[in-house]
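Quick note: the coordinates plus some simple rules give every number you see, no bench work behind them. Owing to the predicted nature of the structure, the values given are computational and were not obtained by experimental measurement. Every residue, glycine as well, gets a Cβ built from its backbone with ideal geometry; the counts of neighbours run over all protein chains shown.
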Amino acid sequence: MKKNTELPLVVFFEIKDWEAAYLRERLGERFRLEFYPDKLDRSRCKACAEAWGLSTFIYSTVDKRAFDAAPQLKIVATRSTGFDHIDLEAAAARSVAVCNVPSYGENTVAEHTFGLILAVTRNIHKAHYKVTQRDFSLEGLEGMDIAGKTLGVIGTGRIGLHVIKIARGFSMRVLAYDIRQEPLLAEVLNFTYVPLDTLLQESDIVTLHAPYNRHTHHMINAETIAKMKRGAILINTARGGLVDTVALVAALDRDHLAGAGLDVLEGEQLLREEQQILAQHDVPHETLRALLDSSILIRRPDVVVTPHIGFFSREAQLRILDTTVENLMKFAEGTPIHLCPKSV
């Protein structure tokens, strides 16, 4: 058996102690393992100098600088479904494979989606705050039934389909939009594929489950919001960049939209580092604007914001770790799985 120092090194970022213990148990005999609780950034690239494998979550940026700092790197195993934080072209140029976790929490994120829907439609967040102030009046707490309402689901992948299953249990009418349609599933689950404009015009609640890329950036913007039914509600548990924050705030200000439930925000990483950013000199105008717009959303009474916890159940986290283990093991055995597009 190889000595420990001769085993391939896999470096993990954004790792909690219990996750590290779990991964040591599953991978410790096959790889050398290093764990860092913080995200990968420029100051921590040197930790990857001898890495054969790299694993991050969504807040780490794996770009050309990171690849240049890791000349022995063969695989990046992101512990997420989305991979927009990884420069796939730079990875391909260095012949580095990129794997993701294509399925880990369709029920987990879908359940959180409905948690946000119910929080907004039944004013649960407002009611909780009033009770903490010893105010038991019903003023401002009138809600809206969702039974019989129309839910528009943008993106019918695994999560979107699970949202549809739950919506049917609530006796909702469901419209869906996706560039790839599954007519058989639409028949079985009793929903209807429609053009995006039709979905926006007819839905009482619109929920986003699309991937984030250059084609879907700001797909919800001033123009598309204007097509939405007056008094509609927007839910986003996918990626913050799908929504133009400025347009959303404007629509809420003029009561075109009645509210929003957001587990993700445009530039949410900036909010996590707000104090450090504001302490810097010459902060770019666009960075300050993104911070301001997101801060405005957070403070609105008609918006419920959660800190990207749609995936954050113990069961889902274990599924993420198990798939990551499988990705690393299969790649080491020469039978890679879950390769991202453009990856080697």
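For the range 106-305, take N as its residue count and report Rg(C-alpha) divided by 2.2 N^0.38 Å. All intermediate terms of the calculation are to be shown ahead of the outcome.
Values: Rg = 17.3 Å, N = 200, 2.2 N^0.38 = 16.5 Å.
Rg over 2.2 N^0.38 Å, computed on Cα atoms: 1.05.
Roughly how many nanometres apart are two label points built 7 Å out from the Cα toward the Cβ at residue 171 and residue 314?
Going by the 7 Å Cα→Cβ label model, 3.6 nm.
Round to the nearest 10 and give me the degree value, 0 to 90, for the angle of helix 17-27's Cα axis relative to the longest principal axis of the chain.
That helix lies at roughly 50 degrees to the long axis.
Which FRET efficiency value, to the nearest 0.05, is calculated for residue 65 and residue 124 with the Förster distance at 56 angstrom and r the Cβ-Cβ distance? It would help to have the intermediate numbers written out before the result.
On the way: r = 44 Å, r/R0 = 0.78.
Working from the Cβ atoms, E equals 0.80.
Between residue 131 and residue 190, what FRET efficiency comes out of the Förster formula 1/(1 + (r/R0)^6) with R0 = 25 Å and r the beta carbon distance, rounded to 0.05? All intermediate terms of the calculation are to be shown ahead of the outcome.
Numbers: r = 38 Å, r/R0 = 1.52.
With a Förster radius of 25 Å, E is 0.10.
Over 25 Å between C-alpha atoms is what I'm after, so list which of 126/165; 16/130; 39/74; 39/64 land there. Could you put the intermediate results ahead of the total?
On the way: 126/165 28 Å; 16/130 35 Å; 39/74 20 Å; 39/64 16 Å.
Pairs exceeding the cut-off: 126/165; 16/130.
As a test of understanding, state the convex hull volume per residue of the range 45-138 from its alpha carbons, in Å³. All intermediate terms of the calculation are to be shown ahead of the outcome.
Numbers: hull volume 12.1 nm³, N = 94.
Taking only Cα atoms, the range 45-138 has a hull volume of 129 Å³ per residue.
I'm a student and want to see the number: the projected area of the Cα convex hull of the chain, averaged over all directions, in nm².
Working: hull surface 79.3 nm².
Result: 19.8 nm².
What does the highest-first list of 137-150, 233-246, 28-41 look like by mean Cβ count within 10 Å?
Numbers: 137-150: 11.9, 233-246: 23.6, 28-41: 16.5.
Order by mean packing, descending: 233-246, 28-41, 137-150.
Apply the Kirkwood formula to the range 151-195: the hydrodynamic radius equals the inverse of the mean of 1/r over all pairs of different alpha-carbon atoms; give it in Å with one decimal. Walk me through the intermediate numbers first.
Numbers: mean 1/r = 0.0990 Å⁻¹.
Kirkwood hydrodynamic radius for the range 151-195: 10.1 Å.
Between residue 141 and residue 103, how many nm apart are label points set 7 Å from Cα along the C-beta direction?
Taking the two extended label points, one gets 4.1 nm.
Say each of residue 250 and residue 217 gets a label point 7 Å from the Cα, pointing the same way as Cα to Cβ; how far apart are those two points in nm?
My value for the distance between the label points is 1.9 nm.
Of all DSSP beta bridges located in the chain, what percent are antiparallel, nearest 5? Please report the intermediate quantities before stating the final value.
Values: 1 of 39 bridges.
Of those bridges, close to 5 percent are antiparallel.
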